[in-house]
Amino acid sequence: MNKLIKSYIVVLFLMVLTGCNKANNAKSKEIVTPFNAQVDSLMALMTLQEKIGQTVMYSGGWSITGPTVSSNNKKFIKEGNVGAMLNVYSVKGTRDLQKMAVEETRLGIPLLFGYDVIHGFKTIFPINLGLAASWDLEDIEKGSRIAAEEASAEGIHWTFAPMVDIARDPRWGRISEGAGEDVYLGSEIAKAYVKGFQGNDLSKYNTILACAKHFVGYGAAQAGRDYHTVNMGDDELQNVYLPPFKASVNAGVETFMTAFNEVNGVPATGNKFIFRDILRDQWGFNGFVVTDYTAINELVMHGFAKDRKHATELAIKAGIDQDMMSSANRQYLEELVNEGKVDVKLINDACRRILLAKYKLGLFDDPYRYCDEQREKAIVYKPEFLEAARHSAAMCSVLLKNDDESLPLNTNQSIALIGPLVKDKENIIGNWAAAGDRKGKAISIYEGIQEYLSNSKISFAKGCEIEGKNDNDFKDAINVARSADKVVMVLGEDYDMSGEAASRTNIKLPGRQTDLIKAIRKAVPNKKIILVLMNGRPLDLSEEDTLADAILETWFPGTSGGYGVADVLFGKYNPSGKLPVTFPRTLGQIPIYYNMKNTGRPIPPNNPKEDYKSNYIDVPNTPLYPFGHGLSYTTFKYSDFKLSSDIINISDTLSVSSTITNTGDYDGHEIVQLYVHDKVGSITRPVKELKGFQKIFLKKGESKEVQFQLTSKDLEFYNNKAFVIESGDFEVAITGTSNFDFQHAFKLE
Ligand code: NOJ
């Protein structure tokens with residue numbers, strides 16, 4: 001190969017992979033915590049069956065009177081055959097079961113209660129993809145702290161969050177649950193969630209275990225179809241999909257969850273390479289691993305295990321500690337040990353890790369410490385939580401387009417509110433809304449707007465259903481539009497069109513909603529139409545982009561969403577969100593993401609029509625709205641770019657700075673982004689990579705110098721069994737969007 005990189009390749013066999021790895025290795029075998037002696041004495045008393053019991057999790061259900069648990073599951077709990085329950089919450093519900101475990105089993109080992117606390121527990125924050133659009137790590141940490149406060153007050157010890165799967169396919173419904181497409185942003189956000197949920201001290205009554213999921217590659221499901229096959233080489237696995245998980249480990253995450261998918265032919269739940277080799281041996285992870293729901297059983301359907309018993313053997317050997325809902329460990333582990341197929345040591349290890357988590361939470365000191373009725377009453381829906389959710393909803397909104405300053409709205413004008421989501425209180429809290437209320441607690445956009453406008457200035461028409469087929473109500477909507485000064489349309493998806501098992505092959509607005517805007521545009525050609533969107537994935541908005549004057553992406557903004565969005569619409573909060581994921585022009589461009597590779601035949605900058613280049617013949621290669629894009633009511637100028645040096649060596653720190661000036665008429669936040677491009681590598685490098693960001697606030701007319709420090713470690717990547725840092729030429733930029741051309745460069749010697 002014609003190697004252009006000068007000189008030497010500085011190979012940084014990162015500690016993670018070699019030397020220090022060994023230390024970590026040792027660590028992962030011998031977990032050292034203040035609770036070792038207690039766990040040892042407890043385990044000395046336990047039968048094999050009781051140890052296996054700790055590796056078993058069952059689900060409760062929910063009825064209008066509260067949690068329900070089947071009589072079978074109660075029996076298993078009393079026999080000491082269950083270590084954890086999911087989907088049971090409330091002080092009463094968890095206390096009753098905990099009592100059973102503590103008072104009616106031989107050893108009285110408390111249960112662990114896990115739940116999907118994904119973007120809030122009762123006070124629901126914007127969906128996670130929306131939270132990522134705030135790029136506000138403090139706010140994300142604060143939101144997950146609030147979620148932990150509420151969940152822990154209702155008996156929950158453990159959340160199955162954060163989902164740190166990189167997702168680059170908007171067809172995949174679970175793109176809504178993660179932080180989007182970028183490795184750096186995703187890793188920073190992963191850490192913020194873990195810190196928020198777990199706090200600094202797990203023994204506090206208001207902290208809960210976090211769970212990095214789904215290990216690994218779940219977001220890369222072929223064709224965006226949930227649970228589908230994942231095939232990827234080392235480059236993609238190590239440089240894109242693993243880093244947010246590694247970041248979670250570094251942040252101290254206590255648990256991991258397996259992915260449903262296979263990775264290169266081996267289903268994750270039976271995948272030794274990812275759990276034993278990478279997670280335990282290379283990263284030194286000492287917490288415990290739970291399967292996803294029935295994932296052990298699914299090894300059979302994958303065609304990887306011949307039956308459930310075989311699947312049980314494969315999972316424990318792969319390094320999986322707890323079985324969520326397969327009933328496989330309970331049924332087969334003991335038999336497998338007796339037959340000499342599974343070493344009892346594997347069960348001891350799994351049991352030990354799970355018990356350790358219970359000790360860390362303080363459950364052996366007081367198994368009911370999360371069951372305090374007073375606290376439950378005082379904590380959920382605290383006004384300050386609802387206020388924080390309002391603020392998040394505002395910060396997560398992304399202004400995609402704003403022609404002729406159509407926004408903000410002013411309070412003197414009359415507004416026609418049109419669309420199926422205007423008065424909605426059910427969808428607005430989004431998918432995976434934990435114990436969130438879909439029946440009236442949430443603030444609709446309509447109610448939010450009522451805070452700013454008197455009823456006489458608001459008119460309303462639904463226009464159509466989200467997914468309906470008919471246009472019977474278009475007429476009303478047109479009349480309402482004609483009678484008002486401006487039109488605000490609130491359109492989008494149903495909450496369950498994203499989330500698990502909610503993949504779509506069509507990412508346009510569902511039903512007749514696009515036709516509705518067309519009809520309104522035709523009826524009021526000269527009136528401003530503001531489109532407010534609620535959706536759980538990037539949509540194809542190419543038509544809407546030509547029809548609306550302004551577009552505000554609010555995702556599903558949560559319990560206080562109506563207030564937060566109205567704050568943005570009326571300019572109380574100047575929008576600052578930036579897209580954490582690319583919005584394509586059309587479905588056919590998928591996958592499309594900003595940090596793609598270049599190909600040998602990229603389109604030349606100003607000549608998209610040239611033949612035999614890597615372009616489509618029917619649409620431009622560019623997205624409709626790129627990663628990092630998001631407008632403000634003000635404008636920001638980037639100037640005075642400075643590098644502390646043009647040449648750095650491996651141990652130097654490069655300082656990169658730029659002055660940002662608020663040149664418009666509003667105070668506002670800007671998310672300043674640092675990108676680099678490694679021009680030549682021993683494996684090809686992306687055309688752009690985000691390496692840092694800062695959210696700053698500037699009053700109108702104000703300027704600030706924003707500085708980033710880059711070290712050679714920031715430039716490393718994985719190639720051929722190791723992380724490497726390679727000398728050579730790099731481009732660098734500080735911008736407010738990923739859509740830019742590099743103007744500056746430096747050399748690493
Ligand atoms: C299945 C989902 O994939 C996972 O994310 C979730 O935590 C479990 N079910 C438990 O509800």
### Message
Pairs needed: first member in the stretch 566-589, open to solvent by less than 30 Å² (accessible area, probe 1.4 Å); second member anywhere, small (Gly, Ala, Ser) and assigned to a helix (DSSP H, G or I); C-beta distance under 6 Å; at least 6 residues apart or different chains.
### Response
Ala566/Gly448; Asp567/Ala394; Val568/Ala394; Tyr573/Ala394; Gly577/Ala133; Pro580/Ala132; Pro580/Ala133
### Query
Conditions: (1) outside any loop (DSSP other than H, G, I, E, B); (2) over 21 Å from the mean Cα position of the chain (by Cα); (3) within 20 Å of Asn535 (Cα to Cα). Ala481 meets all but one. Number of the miss?
(3)
### Task
Could you tell me which residue of the stretch 79-125 is farthest from the ligand (Cβ to nearest atom), considering only residues that are in a helix (DSSP H, G or I) and of a type in the set (Gly, Ala, Ser)?
Ala101
### Task
Evaluate the following for Phe215: is it under 17 Å from the mean Cα position of the chain (by Cα) and within 22 Å of Asp139 (Cα to Cα)?
no
### Task
Give Lys522, Lys508, Lys527 a once-over and let me know the one that is under 21 Å from Thr582 (Cβ atoms), more than 20 Å from the chain's Cα centre (by Cα) and open to solvent by 30 Å² or more (accessible area, probe 1.4 Å).
Lys508
### Query
In this structure, does Gly114 turn out to be crowded, with 24+ Cβ neighbours inside 10 Å, small (Gly, Ala, Ser) and either more than 27 Å from Gly196 (Cα to Cα) or in contact with a Leu (Cβ under 7 Å, 6 or more places away or on another chain) (or both)?
yes
### Query
Pick from the stretch 210-235 the residues that are of a type in the set (Gly, Ala, Ser) and open to solvent by 10 Å² or more (accessible area, probe 1.4 Å): which of them is farthest from Gly499 (Cα to Cα)?
Gly233
### Task
Would you confirm whether any residue within the stretch 58-71 is part of a loop (DSSP other than H, G, I, E, B), free of Cβ contacts under 8 Å to residues at least 60 places away in the same chain and closer than 24 Å to Leu202 by Cβ?
yes
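Kindly indicate which of Lys425, Lys441 is under 13 Å from Met534 (Cβ atoms), assigned to a loop (DSSP other than H, G, I, E, B), open to solvent by 20 Å² or more (accessible area, probe 1.4 Å) and at pLDDT 95 or above. Give the steps one after another, and end with the answer.
Details: Lys441 fails: under 13 Å from Met534 (Cβ atoms).
Lys425 is the lone residue from the list that is under 13 Å from Met534 (Cβ atoms), assigned to a loop (DSSP other than H, G, I, E, B), open to solvent by 20 Å² or more (accessible area, probe 1.4 Å) and at pLDDT 95 or above.
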### Message
Contact list please: Cβ distance under 6 Å, first residue in the stretch 132-145 and open to solvent by less than 20 Å² (accessible area, probe 1.4 Å), second residue assigned to a loop (DSSP other than H, G, I, E, B) and of a type in the set (A, V, I, L, M, F, W, C), pairs at least six apart or on different chains.
### Response
Ala132/Ala179; Gly143/Phe125
### Message
Filter the stretch 236-245 down to the residues that are out of contact with any Gly (no Cβ under 8 Å at 6 or more places or on another chain), more than 16 Å from the ligand (Cβ to nearest atom) and open to solvent by less than 10 Å² (accessible area, probe 1.4 Å) and list them by number.
### Response
Leu242
#### Entry: Tally, over the stretch 682-699, of residues that are farther than 19 Å from Ala745 by Cβ and either among the hydroxyl-bearing types (Ser, Thr, Tyr) or surrounded by 15 or more Cβ atoms within 10 Å (Cβ to Cβ) (or both)
7
### Query
What tally of residues in the stretch 153-173 results from selecting those that are within 23 Å of Phe288 (Cβ to Cβ) and within 15 Å of the ligand (Cβ to nearest atom)?
10
### Task
Name every residue in the stretch 325-341 that is touching a residue at least 40 places away in the same chain (Cβ under 8 Å) and crowded, with 24+ Cβ neighbours inside 10 Å, in order of residue number.
Asn329, Leu333
### Message
The conditions are (1) touching a His at 6+ places or on another chain (Cβ under 9 Å); (2) open to solvent by less than 40 Å² (accessible area, probe 1.4 Å); (3) farther than 29 Å from Leu409 by Cβ, and Thr737 fails exactly one of them. Which is it?
### Response
(3)
### Condition check for Ala153: closer than 20 Å to Thr737 by Cα, crowded, with 24+ Cβ neighbours inside 10 Å and at pLDDT 95 or above
no
### Message
Condition first: under 30 Å from the mean Cα position of the chain (by Cα) and assigned to a helix (DSSP H, G or I). Can you find one or more residues in the stretch 456-476 that meet it?
### Response
no
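Which residue, of Thr269, Thr258, Thr229, Thr207, is more than 14 Å from the ligand (Cβ to nearest atom), hydroxyl-bearing (Ser, Thr, Tyr) and under 30 Å from Tyr359 (Cβ atoms)? Spell out the reasoning first.
Working: Thr269 fails: more than 14 Å from the ligand (Cβ to nearest atom); Thr258 fails: more than 14 Å from the ligand (Cβ to nearest atom); Thr229 fails: under 30 Å from Tyr359 (Cβ atoms).
Checking each option against the conditions leaves just Thr207.
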### Message
Exactly one condition in (1) charged (D, E, K, R); (2) more than 30 Å from Cys371 (Cα to Cα); (3) not in a loop (DSSP other than H, G, I, E, B) is false for Arg171; which is it?
### Response
(3)
### Message
I need every pair where a residue in the stretch 158-180 that is farther than 22 Å from Lys195 by Cβ has its Cβ under 8 Å from the Cβ of a residue that is assigned to a strand (DSSP E or B) and within 11 Å of the ligand (Cβ to nearest atom), sequence separation at least 6 or different chains.
### Response
Arg174/Met163
### Task
Return the total of residues in the stretch 180-204 being open to solvent by 10 Å² or more (accessible area, probe 1.4 Å), under 15 Å from Glu138 (Cβ atoms) and either part of a helix (DSSP H, G or I) or within 16 Å of the ligand (Cβ to nearest atom) (or both).
4
### Message
Taking the criterion of being closer than 23 Å to Thr207 by Cα and within 16 Å of the ligand (Cβ to nearest atom), would at least one residue in the stretch 312-323 satisfy it?
### Response
yes
### Task
Working carefully through the options Leu14, Leu42, find the one that is modelled with pLDDT under 80, more than 16 Å from the ligand (Cβ to nearest atom) and surrounded by 14 or more Cβ atoms within 10 Å (Cβ to Cβ).
Leu14
### Of all residues making up the stretch 47-68, the number that are surrounded by 13 or more Cβ atoms within 10 Å (Cβ to Cβ) and more than 20 Å from Ala328 (Cβ to Cβ)
4
### Query
Can we say Ser248 is within 16 Å of the ligand (Cβ to nearest atom), modelled with pLDDT of 95 or more and not in a loop (DSSP other than H, G, I, E, B)?
yes
### Which numbered condition Val488 misses (of (1) part of a loop (DSSP other than H, G, I, E, B); (2) within 30 Å of Thr582 (Cβ to Cβ))
(1)
### Message
For the stretch 518-541, which positions are part of a helix (DSSP H, G or I) and in contact (Cβ under 8 Å) with a residue 24 or more places away in the chain?
### Response
Lys518, Ala519, Ile520, Arg521, Ala523
### Task
Report yes if Ala315 is in a loop (DSSP other than H, G, I, E, B), small (Gly, Ala, Ser), more than 22 Å from the chain's Cα centre (by Cα) and more than 30 Å from Lys597 (Cα to Cα), otherwise no.
no
### Query
List pairs: first in the stretch 499-517 and part of a helix (DSSP H, G or I), second open to solvent by 60 Å² or more (accessible area, probe 1.4 Å), Cβ under 7 Å, 6+ apart or cross-chain?
Thr514/Lys508; Thr514/Glu543; Asp515/Asp471
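The values are calculated or read from the model by the stated rules, or taken from the named source; none is laboratory data. Quantities reported herein were computed from a predicted structural model and do not represent experimental measurements. All Cβ positions, glycine included, derive from the backbone under ideal geometry; neighbour counts span all protein chains shown. The accessibility values were calculated without ligands, DNA or RNA, using every heavy atom of the protein model including side chains. Shrake-Rupley method; radii C 1.70, N 1.55, O 1.52, S 1.80 Å.
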